[in-house]
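Have a look at the structure below, then the notes.
The values are calculated or read from the model by the stated rules, or taken from the named source; none is laboratory data. Everything numeric here is computed off the predicted structure, so don't read it as measured data. For neighbour counting, all protein chains shown are included, and Cβ atoms are generated from backbone atoms with ideal geometry for every residue, glycine included. Each accessible area value is taken on the protein alone, full model and side chains, heavy atoms only, with ligands, DNA and RNA left out. Shrake-Rupley method; radii C 1.70, N 1.55, O 1.52, S 1.80 Å.
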Amino acid sequence: MNVILLEDDVRLGDRGSMVQVKPGFARNYLLPQKKALLATEGNISMMRNMIQLQNKRIERERKAHQEIAQQLKDLSIEFEFKSGITGHLYGTVTTEQIVEQIKAKTHLEISKKKVALSTHIKTAGTYQAKIKLFAGVDVTIPVIVTLIKEEDSQNTKGRIKTARTKKDF
């Protein structure tokens, strides 16, 4: 029996494809679960039209995301954080902070789930943040982190540290 798949199925194929299955499988599982339609002339032409409309919609979205990618291509993000004596940040640079910087500079709303960092940013340097806007539309922007060294409160000028022994207590 020939059916048209309404959903992607690992075993059978992609959505919109016409496949041959056993009649019992089609009658008892695929058709009642609304996972497939019988492959009649009307259903075949309906699926072709739906797939064409979906492809046009996807292409419009891809073009819109490519325009956003062009806006983000020349953008660089800079952060200035306090650090300890060792040069490590107090905390890390998060994807949420990167999204806030992008919104402040370009007024574009991007989900923090679309931003990927290759490593945790805990020291000064230049890093790369990959933004996946749409399937096949990715942008990599530089993230520059500079440090503000915080003075060690125990090592102030004029004070000499001395070691104490048990006798001093």
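Amide H neighbours of Ser17 under 5 Å, at least 5 residues apart or on other chains, H built in the peptide plane: list them.
Leu5
How much accessible area does Glu61 have with a 1.4 Å probe, in Å² rounded to the nearest 10?
Approximately 60 Å² of Glu61 is accessible to the 1.4 Å probe.
Taking a quarter of the surface of the convex hull around the Cα atoms of the range 1-101, what do you get in nm²?
Average of the hull's projected areas for the range 1-101 equals 11.5 nm².
Accessible area per residue of the chain at 1.4 Å probe, in Å²?
73
Please find, in a Gaussian network model of the chain (springs between Cα atoms separated by less than 10 Å), the residue of Ala39, Ala116, Ala135 whose mean-square fluctuation is greatest.
Its mean-square fluctuation being the largest, the pick is Ala39.
From the protein chains alone at 1.4 Å, what is the descending order of accessible area for Tyr90, Tyr127, Tyr29, largest first?
Descending order: Tyr90, Tyr29, Tyr127.
May I ask you to give the percent of accessible area on the range 1-90 that is carbon plus sulfur, with a probe radius of 1.4 Å?
C and S fraction of accessible area: 51 percent.
Place +1 on the Cβ of every Lys and Arg and -1 on the Cβ of every Asp and Glu in the chain, take the dipole about the Cα centre, and give the residue among Thr92, Gly136, Gln20 whose Cα lies farthest towards its positive end.
Of the candidates, Thr92 comes out farthest on the positive side.
In percent, how large is the relative contact order of the range 47-122, given Cα pairs closer than 8 Å and 6 or more residues apart?
25
So in the chain, what percent of DSSP beta bridges are antiparallel if you round to the nearest 5?
The antiparallel fraction comes to roughly 75 percent.
Between Lys63 and Leu6, what is 0.36 nm times their sequence separation minus the Cα-Cα distance? Round to one decimal in nm.
Here the answer is 17.9 nm.
Need the full-extension length gain, Phe25 to Lys132, defined as separation in residues times 0.36 nm minus the C-alpha distance. One decimal, nm.
Result for the pair: 34.6 nm of gain on full extension.
For n ≥ 4 DSSP H runs only, could you compute -39500 (n - 2.57) per run for the chain, divide by its residues and tell me the 222 nm figure to the nearest 500?
That comes out to -9500 deg cm²/dmol.
Taking a 1.4 Å probe, which of Leu75, Leu53, Leu6 shows the most accessible area, and what order do the others take after it?
Leu53, Leu6, Leu75
How large is ³J(HN,Hα), in whole Hz, for each residue of the range 51-57 in order, when computed from phi with the Karplus curve 6.51 cos²θ - 1.76 cosθ + 1.60 and θ = phi - 60°, using x for Gly and Pro?
Working through the residues one at a time gives 5, 5, 5, 5, 5, 5, 5 Hz.
If the only charges are +1 at each Lys and Arg Cβ and -1 at each Asp and Glu Cβ, what is the size of the charge dipole of the chain around the Cα centre, to the nearest 20 debye?
540
Full-extension gain between Leu75 and Met18, please, as 0.36 nm times their residue separation minus the C-alpha to C-alpha distance.
Full extension of this stretch gives 15.9 nm more.
Return one number: the angle in degrees, 0 to 90 and rounded to the nearest 10, between the long axis of the Cα atoms of helix 95-106 and the longest principal axis of the Cα atoms of the chain.
That works out to roughly 80 degrees.
Can you sort Arg62, Arg11 by solvent-accessible area, 1.4 Å probe, largest first?
Arg11, Arg62
Would you tally the net charge around Arg27, using a Cβ to Cβ cut-off of less than 15 Å, leaving Arg27 out, and scoring K and R as +1, D and E as -1?
Residues close to Arg27 contribute a combined charge of +3.
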